[in-house]
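*Asks:* Just dropping this structure here.
The values are calculated or read from the model by the stated rules, or taken from the named source; none is laboratory data. Bear in mind that the values here come from a model prediction, so they are computed numbers and not experimental data. A quick note on method: Cβ atoms are made from the backbone with ideal geometry, for glycine too, and the neighbour counts reach across all protein chains shown. With ligands, DNA and RNA removed, areas are computed over all heavy atoms of the protein, side chains included. Shrake-Rupley method; radii C 1.70, N 1.55, O 1.52, S 1.80 Å.
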Amino acid sequence: RVILSLCRPISILEAGVGEATTLSGVLEHLGNEVSSYGFDLSWSRVAYAKDWLHEQKISNTLLCSGDLFNIPFLENSIDIVYTSHSIEPNGGKEEPILRELYRVTRKYLILLEPGYELCSEEAKQRMDLHGYCRHLKDTSLTLGYNVFAHELFPFTANSLTPTAWTIISKNSDAELPSDVFACPRFKTPVTKIGGALYSPEALVVYPILGGIPCLRIENGVFASKFQEVMER
């Protein structure tokens, strides 16, 4: 409901998709006309996500492995980008993560993360103990982002880690690219060649395993002549 109150998105991305159990619920209400994407640090979790979405008869989704600090998507490539407690364990690293999420976002960034400054002292002590993220609103404002909503979310699994939603408006007028995947190091387009994704800027090949692009920087295989050799 929140997403649809903001806009009618053409595309949506869950950053830190896990097994896609949250993404599938979102897509159930948005419909199959929305192009959907997700990435996670773990290839295995993405593989389970792929199977789960297939079981739910959701087919218009592309998944890959990737990390929050080097998101393998082009700038302004996704209408709605959201997280669901994926920033949570990265206390102290909020700024670089927010920069990356905002870079990829075209219209709205929605953060469903622990509401540190909105919760009880007991909850704050627990979050401090576990190194959870904090002050996402203040950090976003410091970065110059337009935060127009920051409040507790009405649904929370753990009262000592209450979820808050932080909604950031970007509303870029950039055109959506036809291909959204990017080299995680240079944030530039990659080309599919011979069952892999090649970055001419990085001179590396990112493998595709089980239909899942592996787009973490450390997955890149140095192959400066890859395109030349494969096109002979």
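*Asks:* Suppose the chain between Glu28 and Thr188 were pulled fully straight at 0.36 nm per residue; how much longer would it get relative to their current alpha carbon spacing?
*Replies:* Length gained between Glu28 and Thr188: 54.5 nm.
*Asks:* May I ask you to list the chymotrypsin sites (Phe, Trp or Tyr not before Pro) in the range 106-167 that are in a DSSP loop and have at most 12 other Cβ atoms within 10 Å of their Cβ?
*Replies:* When the chymotrypsin sites (Phe, Trp or Tyr not before Pro) of the range 106-167 are filtered for loop state and at most 12 Cβ neighbours within 10 Å, Phe155 remain.
*Asks:* Let me ask something additional. Determine the distance separating the Cα centre of the range 79-158 from the Cα centre of the range 21-47; give it in Å without decimals.
*Replies:* 20
*Asks:* In whole Å, what are the Cα extents of the range 1-122 along the three principal axes, biggest one first?
*Replies:* Principal axes ranked by extent give 43, 33, 31 Å for the Cα atoms.
*Asks:* Take Lys93, project a point 7 Å from its Cα along the Cβ direction, then tell me which residues of the range 57-85 have their backbone nitrogen under 18 Å from it.
*Replies:* Counting backbone N atoms under 18 Å from the label point, the list is 65-73, 83-85.
*Asks:* Moving on to the next point. Return, for the Cα atoms of the range 41-185, the radius of gyration and Dmax in Å, separated by a comma.
*Replies:* When restricted to Cα atoms, the range 41-185 yields Rg and Dmax of 16.0, 47 Å.
*Asks:* Shape of the range 114-161 from its Cα gyration tensor (a ≥ b ≥ c, root eigenvalues): rounded if a/c is under 1.5, otherwise prolate when a/b > b/c, or oblate?
*Replies:* On the way: a/c = 2.83, a/b = 1.55, b/c = 1.82.
Verdict is oblate for the range 114-161.
*Asks:* How much of the accessible area of the chain, in percent, comes from carbon and sulfur atoms when a 1.4 Å probe is used?
*Replies:* 51
*Asks:* First measure r as the distance between the Cβ atoms of Arg1 and Leu118, then evaluate 1/(1 + (r/R0)^6) with R0 = 25 Å and state the FRET efficiency to the nearest 0.05.
*Replies:* 0.75
*Asks:* Another one. Any chance you could look up the accessible area of His130 with a 1.4 Å probe, heavy atoms only, rounded to 10 Å²?
*Replies:* 100
*Asks:* A further question on this structure: According to a simple spin-label model (label point 7 Å from Cα along Cα-to-Cβ), what is the distance in nm between Lys57 and Gln125?
*Replies:* 5.1
*Asks:* Something else now. Which whole-number value in Å² is the accessible area per residue of the chain, probe 1.4 Å?
*Replies:* I get 49 Å² per residue for this part.
*Asks:* Also, I was wondering about something else. What is the sum of charges, Lys and Arg at +1 and Asp and Glu at -1, for the other residues whose Cβ falls under 11 Å from the Cβ of Leu112? Kindly include the intermediate steps, with their values, before the conclusion.
*Replies:* Details: positive: none; negative: Glu14, Glu88, Glu113.
Neighbour charge sum, excluding Leu112 itself: -3.
*Asks:* While we're on this one: Name the residues whose placed amide hydrogens come within less than 5 Å of the amide hydrogen of Asn76, ignoring near sequence neighbours (fewer than 5 apart) on the same chain.
*Replies:* For Asn76, whose amide H was placed from the backbone, the distant partners under 5 Å are Val104, Thr105.
*Asks:* Restricting attention to the alpha-carbon atoms of the range 133-232, what are Rg (one decimal) and Dmax (integer), both in Å?
*Replies:* 19.7, 60
*Asks:* Put one equal scatterer on each alpha carbon of the range 148-205, apply the Debye formula with no solvent term, and list log10 I(q)/I(0) at q = 0.15, 0.16, 0.23, 0.28 1/Å to two decimals.
*Replies:* Log10 I(q)/I(0), no solvent term: -0.70, -0.71, -0.88, -1.12.
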